[in-house]
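All remarks here apply to the structure that follows.
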Amino acid sequence: MGAVLPAAGRAGRRTGPECCPAPVSGDLAQDPLEGEEDGGEILFADRVGIRLDQVTGRTWGEKGKTPVVRRSGNRFSVDAMSAISTKGRMHFMVFTESFTAEVMCRFLDRLAGHFGHKVHLVVDGHSVHRSKKVRGRLATRPNDVELHFLPPYSPELNPDELVNADLKHSPPKQHRARDQVELATETRRFLRRRQRQPHTVRGYFGGPHVRYVLDENPMSF
């Protein structure tokens with residue numbers, strides 16, 4: 001099988017090996033969709049930040065008057081790292097600290113613990129993903145997880161971005177989190193609900209820019 005990640009700006013089209021960025025080191029391969037041929041599991045992952053004061057929907061107001069949505073003056077946020085597969089599986093981790101190499105390694109350890117075979121994880125080129133600490137962790141346990149990078153500046157090629165968009169537009173409309181603990185609880189509740197909805201997770205791969213994953217690997221749907 002040739003390289004299957006489409007070039008940036010040309011989502012959905014099969015391209016040659018030049019479409020994929022060069023690996024950072026020998027343990028970062030170019031063709032993740034070959035993973036299932038060797039019994040591995042292919043997942044797409046991304047990190048998302050959720051803020052209390054973000055706009056999550058539309059409201060209404062009296063004609064000629066700008067509607068005012070009352071909310072707490074507190075500002076806080078939580079982050080989540082999720083990974084999804086075309087089989088409808090979702091794995092996630094919610095955290096409140098900054099996204100660092102240590103956090104990424106913790107996520108990789110948790111992810112590897114859910115599988116009895118190798119995981120091929122497709123991610124963007126974030127500096128944390130390419131950090132020395134993450135590369136070191138991958139090198140010490142090469143049979144656990146292998147990273148594959150999407151082309152630069154092409155978030156639309158990552159199906160997990162649709163999970164992020166879904167999450168940001170799904171907080172309760174009638175109740176706003178009052179603190180960081182409540183915001184983290186709401187985030188976990190949403191992601192756990194999606195975990196129990198494999199048909200919805202599979203649906204994230206149906207978008208026009210990410211359909212290439214199914215076109216190249218139809219038997220995994």
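The values are calculated or read from the model by the stated rules, or taken from the named source; none is laboratory data. Just so you know, these numbers come straight off a predicted model, no measurement behind them. Methodologically, a virtual Cβ is constructed for each residue, glycine included, from the backbone with ideal geometry; neighbour enumeration extends over all protein chains shown.
Some observations on this one:
- Yes/no for residue 125 being surrounded by fewer than 17 Cβ atoms within 10 Å (Cβ to Cβ) and over 13 Å from residue 47 (Cβ atoms): no
Yes/no per residue for (1) part of a helix (DSSP H, G or I); (2) under 27 Å from residue 206 (Cα atoms):
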position: 103; (1), (2): yes, no
position: 109; (1), (2): yes, no
position: 120; (1), (2): no, yes
position: 163; (1), (2): yes, yes
position: 176; (1), (2): no, no
position: 182; (1), (2): yes, no
position: 185; (1), (2): yes, no
position: 189; (1), (2): yes, yes
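- Contacts under 6 angstrom Cβ, first residue in region 81-101 being assigned to a loop (DSSP other than H, G, I, E, B), partner at pLDDT 95 or above and of a type in the set (D, E, K, R), 6 or more apart: 88/202; 99/47; 99/79
- None of 153, 204, 212 is over 24 Å from residue 78 (Cβ atoms), in contact (Cβ under 8 Å) with a residue 24 or more places away in the chain, of a type in the set (Ser, Thr, Tyr) and surrounded by 19 or more Cβ atoms within 10 Å (Cβ to Cβ) except 212.
- Selection within region 165-174 - part of a loop (DSSP other than H, G, I, E, B) and either small (Gly, Ala, Ser) or at pLDDT 85 or above (or both): 169, 170
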